[in-house]
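Since the structure comes first, as structure tokens, the remarks are kept for the end.
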Amino acid sequence: MEYSVIILRFDPEKKRSSYYQEFRVEAAPHERVLDVLLKIKAEQDSTLALRKSCGHGICGSDAMLINGENRLACSTLVRDLHSRKIRIKPLPGIEVEKDLIVNMDSFWKKYQDIMPYLVNHQPPPDRERLQSPEEHEIIEEPTRCILCGACTQACPTAWANENYLGPAAILKAYRFIFDSRDQAGTERLRRVASDHGIWQCYTAYNCVEACPKDIDITWHITRLKKASIGL
Ligand code: FES
């Protein structure tokens with residue numbers, strides 16, 4: 001089946017603003033958008049720039065705007081787009097470095113700001129620090145996050161406020177704040193409840209729709225809001 005693949009191109013070394021380029025590609029319905037992009041790169045235009053690594057929805061490096069929704073190219077089958085036209089753009093609301101590659105520096109800076117690591121001042125046990133299945137259940141859903149950025153770049157607050165921590169960093173904070181083994185919950189809660197944190201979330205639910213791992217991020221942000229009252 002032939003698909004019309006329209007990609008928003010941008011090359012900082014060329015003196016022209018971004019533009020759409022159409023490619024005609026033969027693809028089977030069960031092929032992924034990532035397969036289509038790699039076919040274009042191999043057979044039609046080797047200058048096409050994109051990020052990908054695992055190819056299986058684990059590394060989070062190939063989030064992009066596909067037919068109007070932030071998705072992982074490696075987890076999106078062309079048949080699921082229900083159209084012979086596939087429009088692909090880089091993630092919105094973030095600086096584009098080249099074609100489908102965006103600058104994630106500010107995303108990672110916010111991630112660092114919430115202390116994305118376990119803090120425990122007790123001497124480490126001989127083996128790992130254990131938690132019960134019930135304790136793990138509380139943080140199980142946030143641990144599925146692969147940090148692809150699809151949620152943060154779908155969020156209207158993040159588009160409007162470059163300082164907003166964004167759903168991905170806030171969800172990571174939740175994962176540690178409610179971890180039974182962690183001892184820095186209050187400090188983290190203080191950070192996510194700051195001027196550019198959870199209270200900037202207006203429950204648009206865009207993050208929930210964009211998440212390729214079906215995490216109810218808004219529910220977790222709401223739980224953090226409740227936990228932060230009385231800080
Ligand atoms: Fe790793 Fe898609 S390439 S998540």
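Taking the listed residues Asp99, Asp113, Asp126, the one that is in contact with an Asp or Glu (Cβ under 9 Å, 6 or more places away or on another chain) and of a type in the set (D, E, K, R) is Asp99, with no other qualifying.
Mind listing whichever residues of the stretch 53-74 are surrounded by 16 or more Cβ atoms within 10 Å (Cβ to Cβ), out of contact with any His (no Cβ under 9 Å at 6 or more places or on another chain) and on the phi < 0 side of the Ramachandran plot? If the condition is that a residue be surrounded by 16 or more Cβ atoms within 10 Å (Cβ to Cβ), out of contact with any His (no Cβ under 9 Å at 6 or more places or on another chain) and on the phi < 0 side of the Ramachandran plot, then Cys59, Ser61, Asp62, Ala63, Met64, Leu65, Ile66, Asn70, Arg71, Leu72, Ala73 are the ones that fit.
For the stretch 180-207, a residue qualifies if it is buried (at least 18 other Cβ atoms within 10 Å of the Cβ) and touching a Cys at 6+ places or on another chain (Cβ under 9 Å), and the qualifying residues are Cys201, Asn206, Cys207.
When restricted to residues that are of a type in the set (Lys, Arg) and either touching a Ser or Thr at 6+ places or on another chain (Cβ under 7 Å) or outside any loop (DSSP other than H, G, I, E, B) (or both), the stretch 178-215 contains 3. Taking the numbered list (1) surrounded by 16 or more Cβ atoms within 10 Å (Cβ to Cβ); (2) more than 8 Å from the ligand (Cβ to nearest atom); (3) without any contact (Cβ under 8 Å) to a residue 60 or more places away in the chain in turn, Val78 passes all entries but (3). Filtering the stretch 9-31 for residues that are of a type in the set (Val, Ile, Thr) and within 21 Å of Glu97 (Cα to Cα) leaves an empty set.
Residue-wise test of (1) under 29 Å from Leu91 (Cβ atoms); (2) at pLDDT below 95; (3) in contact with a Ser or Thr (Cβ under 8 Å, 6 or more places away or on another chain).
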position: Glu134; (1), (2), (3): no, no, no
position: Cys145; (1), (2), (3): yes, no, no
position: Ala150; (1), (2), (3): yes, no, no
position: Asn161; (1), (2), (3): yes, no, no
position: Arg175; (1), (2), (3): yes, no, yes
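Would you check if Ile114 is hydrophobic (A, V, I, L, M, F, W, C), more than 22 Å from Arg24 (Cα to Cα) and either more than 16 Å from the ligand (Cβ to nearest atom) or surrounded by fewer than 16 Cβ atoms within 10 Å (Cβ to Cβ) (or both)? It is true that Ile114 is hydrophobic (A, V, I, L, M, F, W, C), more than 22 Å from Arg24 (Cα to Cα) and either more than 16 Å from the ligand (Cβ to nearest atom) or surrounded by fewer than 16 Cβ atoms within 10 Å (Cβ to Cβ) (or both). When you look at Ser53, is it in a loop (DSSP other than H, G, I, E, B), more than 15 Å from the chain's Cα centre (by Cα) and free of Cβ contacts under 8 Å to residues at least 24 places away in the same chain, yes or no? Answer is no for this residue.
Yes/no per residue for (1) part of a helix (DSSP H, G or I); (2) modelled with pLDDT of 95 or more:
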| position | (1), (2) |
| --- | --- |
| Leu8 | no, yes |
| Asp11 | no, yes |
| Ser17 | no, no |
| Gln21 | no, yes |
| Arg24 | no, yes |
| Val36 | yes, yes |
| Lys39 | yes, yes |
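The values are calculated or read from the model by the stated rules, or taken from the named source; none is laboratory data. Quick caveat: nothing in here was measured; it's all calculated off a predicted structure. Positions of Cβ are generated from backbone atoms using ideal geometry, with glycine treated the same way; all protein chains shown enter the neighbour counts.
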